[in-house]
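Here's the structure, in structure tokens; my notes come after.
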Amino acid sequence: MTNHHDMNNQEDARLGQEVEAQLKEVLNRLPNVVPVYLFTRKGQDDAFVKAARDLVRAFRSLSKKIDFREYELGGELARKWNVNRSPSILFDPERFSIRYLGVPYGEEGRTLLAAILLVGMRASGLNEQTRNVLQKIDTPREIKLFVSATCPYCPDQAINAIKTVIENPRLFSLEMIDIQSNADLAERYSAYSVPQTFANDVLIAQGAQPEELFALSLEKMEPQSVFIPESDAQVVETDVVIVGGGPAGLSAGIYTVRSGLKTAVIERGPLGGQVATTPVVENYPGFARVPGKALVDILVSHALEYVQIYHGEEVLDILPNDTVEVITSRRKFLCRAVILATGATYRRLGVPGESRLAGRGVSYCATCDGPLFRGKQVIVVGGGNSATTEALHLYNIGVQVTLVHRRDTLRAQEHLVRNIRDNSIPVLWNTEVQEIKGKERVSEVVLYNNKTRETSSLPTNGVFIAIGYNPTVELAQKLGIELTPDGFIKHDSHHRTSIRGIYSAGDVEGGYKQIVTAMGQGTEAALSVYEDLMHPYWQVQQGVV
């Protein structure tokens, strides 16, 4: 009799075979051979080198289009291409200056595959707007991109950089630097948050960007947040526009399309919202424990079967009328209804040093930045589910972590509190962070005990802030939508806001900050939109049949 374990193994094996077959097909269709050269130090055979070698060999085994060779540092080719770190992977170095310092495993496996495919195509695939920006650059840019195997955003920024080099290899060069394999470089550049992008040793971006913003940052040599197209935006006509690609927005997109409404989902940042950076999601129905990024991948894949997603676009304005106009950083949408599923953002402490040292020891994402602090001392600020989950994740990857909470009890779920206690993670009760200190990076925090009224200093290498979220209501405020006293979007039982044709769903409405709650609200909002468009309640109220 076949047990469930065997069945699962068989299903995993079939899935692996299907993925391998698809990769072989894609790689074998490449029009050009891709030289991939691994440089290692003579006699070095540590875990990093072995992992890098195994990864590249695994890809080479899939296709003869990959020409893999290994060379030693100190050799003629290493001198020719100025390679001085082990392991280093170079992609077609005779044509492009694209290299990866370290091991592209975990999330960075996507970067390795993208580099092979793009180099094999020898075509950037950048859109016309991005190419127009890059054409304005007439002096070289040496790009350094700091990444981590646990960062879900890093491959997006890496792909931007790879495409840029392929677009103009004469002006652009790229080093992708794994912070775990090259901790000294991360230290030198104070790159304690990934992804971070430097051009000619100047910081031009923190976090992943749409390709147009990446190009604009590269041109201006400083971080850019808004890209306004120089040409007229493309007009998209649809029934519903959903602003936000988190659990609420994606669920709403599935159900509006299933109801027969043409729909566009617009998301300016990473798809999945906060879930994408949650280390482990517990008790999501159907999964006792599942990595947040894995859950997002499942949700996004499902949504893409139904709805068109416009990723990397920011909604700049919404003009409500019988036909609603939604103006984004790339185009204009004409629709009949809008669902605001804009979610919430990390809440900041607002203390001296927080903004200045952001990305230099101050972090809001343990999943992305935690690996750099292995063996180091950090604090996690907060006492709810987010803070305890972050603290446990850091503890489990080898970080010396202390919780700092302004109250005398934790507000997290009981099993999280129990895990904090069982793992002997220290908690500083009744304690508030008054200041974060450090010259180039975090070195200590000033703490205030609100019970004893004593002030003290605590040396630390990092501060992870997990004190909740602020609703993202800038668009709602611009529209004049009524908010609750707590600052969330006010809505009725059908998720209608105070402006006809504008609906809301998810964390931006307040209430329980749970994935299943947000998805349920997104579904309810979608069905309400369908009912209202089919049977306009305002016409019924006015006596129109």
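The values are calculated or read from the model by the stated rules, or taken from the named source; none is laboratory data. Everything quoted here is computed from the prediction, not taken from an experiment. All Cβ positions, even for glycine, are placed from backbone atoms using ideal geometry, and neighbour counts span all protein chains on display.
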>> What pairs come out if I take residues in the stretch 352-367 that are under 20 Å from THR389 (Cβ atoms) and pair them with residues that are assigned to a helix (DSSP H, G or I) and of a type in the set (Val, Ile, Thr) whose C-beta lies under 8 Å away, six or more apart or interchain?
In response: CYS365/THR277; THR367/THR277
>> Suppose we keep only residues that are in contact with an Asp or Glu (Cβ under 8 Å, 6 or more places away or on another chain) and assigned to a loop (DSSP other than H, G, I, E, B) within the stretch 343-365. Which one would you say is nearest to GLY487 (Cα to Cα)?
In response: GLY343
>> Step by step: first the residues of the stretch 257-314, then only those that are among the small types (Gly, Ala, Ser) and part of a helix (DSSP H, G or I), then the one that is nearest to VAL240 (Cα to Cα). Which residue is that?
In response: ALA303
> Of all residues in the stretch 288-310 being hydrophobic (A, V, I, L, M, F, W, C) and modelled with pLDDT under 85, which is surrounded by the fewest Cβ atoms within 10 Å (Cβ to Cβ)?
Replying inline: ALA288
> Do we have GLY260 as surrounded by fewer than 20 Cβ atoms within 10 Å (Cβ to Cβ), out of contact with any Leu (no Cβ under 7 Å at 6 or more places or on another chain) and within 15 Å of MET519 (Cα to Cα) here?
Replying inline: no
>> Against the definition (more than 25 Å from the chain's Cα centre (by Cα), among the polar types (S, T, N, Q) and surrounded by fewer than 16 Cβ atoms within 10 Å (Cβ to Cβ)), how does ASN127 come out, yes or no?
In response: no
>> Against the conditions (1) surrounded by 13 or more Cβ atoms within 10 Å (Cβ to Cβ); (2) modelled with pLDDT of 95 or more; (3) outside the structural domain of ALA294 (by TED's automatic domain parsing); (4) over 26 Å from TYR192 (Cβ atoms), where does ALA505 fall short? Just the number, please.
In response: (3)
> When the stretch 397-413 is examined, which residues are found to be over 18 Å from TYR469 (Cα atoms) and either touching a Cys at 6+ places or on another chain (Cβ under 9 Å) or modelled with pLDDT under 95 (or both)?
Replying inline: ILE397
>> Condition (residue is free of Cβ contacts under 8 Å to residues at least 24 places away in the same chain, within 17 Å of GLU20 (Cβ to Cβ) and among the small types (Gly, Ala, Ser)) applied to the stretch 50-66: is it met by at least one residue?
In response: yes
> Identify, please: which residue in the stretch 203-241 is of a type in the set (D, E, K, R) and either at pLDDT 90 or above or within 22 Å of the chain's Cα centre (by Cα) (or both) and is, among those, nearest to PHE172 (Cα to Cα)?
Replying inline: GLU219
